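Working notes, structure below.
Every number here is computed from the coordinates shown, using simple stated rules; none is lab data. Keep in mind that this is a model prediction, so the values were computed, not measured. Backbone-built Cβ (ideal geometry, glycine too); neighbour counts: all protein chains shown.
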Amino acid sequence: MKFSEQLEARYSDMITHYPAKRSLLVPFLLYIQDEFGYVTDDSIEEVARRLEITPLEVRNVISYYSMLRVKPGGKYNVQVCTNICCLLRGGEEMLAHARNKLGVAVNKGITPDGVFSVEEVECIGACSWAPAMQVNYDFHENLTPEKIDQILDEYRQKAAQQ
Amino acid sequence: MAYLVSHPDEVKVVSKRFGQGAADLDRYLELDGYKAVQKALELGADGIINEMKASNMRGRGGAGFPTGMKWSFVPKESAKPKYVLCNGDESEPGTCKDRLIFEHDPHSVIEGAMIAAIAVGSHDAYIYIRGEYRYLLEIMQKAIADAYARGFCGKNIFGSGYDLNVYWHGGAGAYEVGEESALMESLEGKRGVPRIRPPFPAVVGLWGGPTVINNAETLASVPHIILMGGKQYAEIGVERNGGTRLFSLSGHLAKPGVYELPLGYSLRKAIYEVGGGIADGRELKAVVPGGSSVPCLRPEEIDIALDFDSMMKAGTFLGSGGIVCINDQTCIVKFALRTIQFYRHESCGWCIPCREGTDWLSKSLKRFHAGGGVAKDIDNIRYLAENMLGRTFCPLGDAAAMPIIGFVKKFREEFEAHLDGRPCPYGQHAAPNALPVLSH
């Protein structure tokens, strides 16, 4: 299997950071996920080969970290925080609103066009600006249902343009 | 984008450069950047550690361990390389301060990590940033690259003959990795399962070498301490609690935000003056004063000083400085339930009291909140939580148990109000059948 040039460059840089090469595993898996949408079976084999560990060890690590997934998510993964500070300021209502608007009932479910998935997440470090969510890596804070509508519409347009 | 706020009572030390464009290296240099590390090279290891001891700086991650003392535990001679590890895995619910540091002043973290490295005789420092903070990781990557480009990092820094490398590292979503031994496991490319101690990281840490692990805010404060002198920094705070810290004010406040206040500042004033009091004319019901892991306080208990010792005397902790305010319209049982669901999700399952305890507590509180509780549940919940205390490898078990014990102890009447199949008195927030259920 082949990684993109960008990912190869990332790998060559990161491998120089550590006395033991396995150490790059966690951040590198996230970069793989960014490229393919999830950590694919092929890339698990490839990473295991390069780091001289077993594919099972790689999967063992993946299963621990909540951001890593081995199945596709939506192009835009909407991660709504409902942890305590967001809870106090309407996080659950925001989650329900995002789900209803996108028609995605189940956690991590994907819209039929593949554009969105919705996930309930734990604290994302936006406590003073709650309620908050992340769409992929972008933070959106001080949310209201109207603001969510607007944000999701913008992502939908962005997806349509690509 | 994290928003900046200010209040006249703030004493800006670590937040001094916020909003000044200091992520840019030239701007950082204009604002006294990289002067402290040069001074540190002159001071030498013992000189730095003495300043840190004099500063009464205590770790800003949550445990409040004296930083100078921590550094002094690293053996001078070591067959294996020594390391400095910056903990930027900020994920304690209620805490969003390190975000501002990484966004507005990333070089201060680099510089602080470098000074720590010089103090303990290490030549490699790692800055670990949680996976969700990708935009901050990118800011840090650029800052490190810029520092290398000027020769501030790498070989022979500032003509001193001292070699010092600084590296970035990213996480991928795990609260527990904020615990120091789990953080090292994660950096070594493994599951973030904690290590048993002793040996402590100062003796056996990353890849078996002696390692100093400090919170991002602690390290970002170090250059300021070195420049102003430890004694002067200590004087900003109170006895045994030097300097300032960033408090994340959140919840039902009129003016939530991250404010830098001197240690020893009044909790009441932090809530009612700095934070603007409770929003919408409501009353304060409870405050969780140090991140989600600490026991709550009732409104009559908030006349205390925000320092590690006073908080402990009051039966709670200063923790990560995340002050979560809860108004009188909130169901404490629901709040307790959401708190324990978090720990249940984050428990790594390595040790049984935590794995089983968080699950049982979560199930009990869920049933209880939905109106399926019986009187003896209240004591059972507390009993369960108390049996987790001190019985786990890492502090996650305690962090899960302590707030629950606090809620039962201080708000027993709210638990009683849910008995005998009665619906939650705060139904508008929590009709049981409408509750979104965590399915992960």
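Under the criterion of Cα pairs below 8 Å and six or more residues apart, the relative contact order for chain B equals 16 percent. Taking the empirical scaling 2.2 N^0.38 Å for compact globular proteins as reference, segment B:161-218 has a Cα radius of gyration ratio of 1.18.
Longer than 31 Å from Cα to Cα, which of B:Lys142/B:Lys255; A:Lys2/B:Lys155; A:Lys75/B:Lys155; A:Lys101/B:Lys366 are they? Say none if no pair is.
Numbers: B:Lys142/B:Lys255 33 Å; A:Lys2/B:Lys155 35 Å; A:Lys75/B:Lys155 43 Å; A:Lys101/B:Lys366 27 Å.
In this structure, B:Lys142/B:Lys255; A:Lys2/B:Lys155; A:Lys75/B:Lys155 lie more than 31 Å apart at Cα.
Kindly state, to the nearest 0.05, the FRET efficiency for A:Lys71 paired with B:Val374, given R0 = 35 Å and r defined as their beta-carbon distance. E(calc), rounded to 0.05, equals 0.30. Taking only DSSP H segments of four or more residues, each worth -39500 (n - 2.57), what value at 222 nm results for chain B once the sum is divided by all its residues, to the nearest 500 deg cm²/dmol? About -11500 deg cm²/dmol. Rounded to the nearest whole Hz, the Karplus-based 3J(HN,Hα) values (6.51 cos²θ - 1.76 cosθ + 1.60, θ = phi - 60°) of segment B:119-136 follow the sequence 5, 9, x, 9, 10, 9, 10, 10, 10, 9, 10, 4, x, 5, 8, 4, 5, 6, with x at glycine and proline.
According to the Kirkwood relation over distinct C-alpha pairs, the hydrodynamic radius of segment A:1-89 is 14.3 Å.
Can you tell me which of B:Ala417, B:Ala220, B:Ala45 moves the most in a GNM of chain B? Springs connect C-alpha atoms under 10 Å apart. With Cα springs under 10 Å in chain B, the top fluctuation among B:Ala417, B:Ala220, B:Ala45 is at B:Ala417. For the residue pairs B:Lys231/B:Lys313; B:Lys97/B:Lys285; A:Lys147/B:Lys334; B:Lys70/B:Lys334; A:Lys21/B:Lys53, the C-alpha atoms sit more than 32 angstrom apart in B:Lys70/B:Lys334; A:Lys21/B:Lys53.
In peptide A:85-97, how many Cβ atoms from other protein chains are near each Cβ within 10 Å, on average? List each step's numbers first, then the result.
On the way: counts 15, 4, 12, 14, 6, 1, 2, 7, 2, 0, 1, 2, 0.
Average neighbour count from other chains, rounded to a whole number: 5.
Going by neighbour counts of Cβ atoms within 10 Å, the residues A:Val39, B:Val374, A:Val104, B:Val258 line up, fewest first, as B:Val374, A:Val104, A:Val39, B:Val258.
Rounded to two decimals, what is the ratio between the C-alpha radius of gyration of segment B:244-327 and 2.2 N^0.38 Å? Mind showing how you got there, number by number?
Details: Rg = 11.1 Å, N = 84, 2.2 N^0.38 = 11.8 Å.
This ratio for segment B:244-327 stands at 0.94.
Can you tell me, using C-alpha contacts under 8 Å and at least 6 residues apart, the relative contact order of segment B:332-434 as a whole percent? Don't skip to the end; give the middle numbers.
Working: 130 pairs, mean separation 33.0, N = 103.
Over segment B:332-434, the number comes to 32 percent.
Ratio to report: Rg/Rh of the protein assembly as shown, with Cα atoms as the point set and Rh obtained by the Kirkwood method; give two decimals. Spell out each step's value before the answer.
Numbers: Rg = 23.4 Å, Rh = 24.5 Å.
Reported Rg/Rh (Cα atoms, Kirkwood Rh): 0.95.
Available extension along the chain between B:Gln38 and B:Arg240 is 70.0 nm, counting 0.36 nm per residue and deducting the alpha carbon span. Per residue of A:58-64, other chain Cβ atoms within 10 Å of the residue Cβ number 4 on average.
Rounded to the nearest 0.05, what FRET efficiency do B:Asn156 and B:Gln20 have when you use their Cβ-Cβ distance and R0 = 35 Å? For R0 = 35 Å, the calculated efficiency reads 0.70. 3J(HN,Hα) couplings calculated from phi for segment B:411-426 with the Karplus curve 6.51 cos²θ - 1.76 cosθ + 1.60 (θ = phi - 60°) are, in sequence order, 10, 4, 4, 6, 5, 4, 5, 9, 6, 6, x, 6, x, 4, x, 10 Hz; Gly and Pro show x.
Cβ-to-Cβ counts within 10 Å put B:Leu164, B:Leu419, B:Leu219, A:Leu56 in ascending order as A:Leu56, B:Leu419, B:Leu164, B:Leu219, the fewest first. For chain A, the percent of C-alpha pairs falling in each 10 Å distance bin, counted from 0 to the bin holding the largest distance, reads 10, 34, 29, 21, 5. Taking A:Tyr31, A:Tyr64, A:Tyr11 as the candidate residues, the one with maximal mean-square fluctuation in a Gaussian network model of chain A, Cα springs under 10 Å, is A:Tyr64.
Backbone phi angles across segment A:91-98, fed through the Karplus curve with coefficients 6.51, -1.76 and 1.60 (θ = phi - 60°), yield HN-Hα couplings of x, 5, 5, 5, 4, 4, 5, 4 Hz in residue order; Gly and Pro are listed as x. Using only Cα atoms, find the angle between the long axis of helix A:25-36 and the longest principal axis of chain A, and express it within 0 to 90 degrees, rounded to the nearest 10. The answer is roughly 70 degrees.
Each residue of segment B:332-434 gets 81 Å³ once the volume of the Cα convex hull is shared out per residue.
Apply the Debye scattering formula to segment A:76-161, with a single equal point scatterer on each alpha-carbon and no solvent, then give log10 I(q)/I(0) at q = 0.22, 0.26 Å⁻¹. Debye curve over Cα of segment A:76-161, log10 I(q)/I(0) at q = 0.22, 0.26 Å⁻¹: -0.99, -1.36.
Here the convex hull built on the C-alpha positions of segment B:129-174 has a volume of 56 cubic angstrom per residue. Between segment A:76-135 and segment B:269-321, the C-alpha centres lie 28 angstrom from each other.
Roughly how crowded by other chains is peptide A:132-141, in terms of the mean Cβ count from those chains within 10 Å of each of its Cβ atoms? Walk me through the intermediate numbers first.
Values: counts 1, 0, 3, 0, 1, 8, 3, 7, 1, 4.
Mean shielding by partner chains, rounded to a whole number: 3.
Measuring spread by the Cα atoms of segment B:70-214 yields a radius of gyration and Dmax of 14.7, 43 Å. Of B:Ile352, B:Ile340, B:Ile271, which has the largest mean-square fluctuation in a 10 Å C-alpha GNM of chain B? Comparing B:Ile352, B:Ile340, B:Ile271 in a Gaussian network model of chain B, the most mobile one is B:Ile352.
If you rank B:Glu103, B:Glu217 by fewest surrounding Cβ atoms within 10 Å, what's the result?
Ascending Cβ contact count within 10 Å gives the list B:Glu103, B:Glu217.
Percent relative contact order of segment B:217-279, based on C-alpha pairs within less than 8 angstrom and at least six residues apart? Present the calculation step by step, with values, prior to reporting the outcome.
On the way: 78 pairs, mean separation 16.2, N = 63.
Computed value for segment B:217-279: 26 percent relative contact order.
Rounded to two decimal places and with Rh computed the Kirkwood way over Cα pairs, what is Rg over Rh for segment B:315-391? Using Cα coordinates only, the ratio equals 0.98.
Quick check: the distance between the Cα centres of segment B:63-105 and segment B:168-203, to the nearest angstrom? Segment B:63-105 and segment B:168-203 have Cα centres separated by 12 Å.
Within chain B, all pairs of alpha-carbon atoms sorted by distance into 20 Å bins from zero give the percentages 26, 56, 17, 1.
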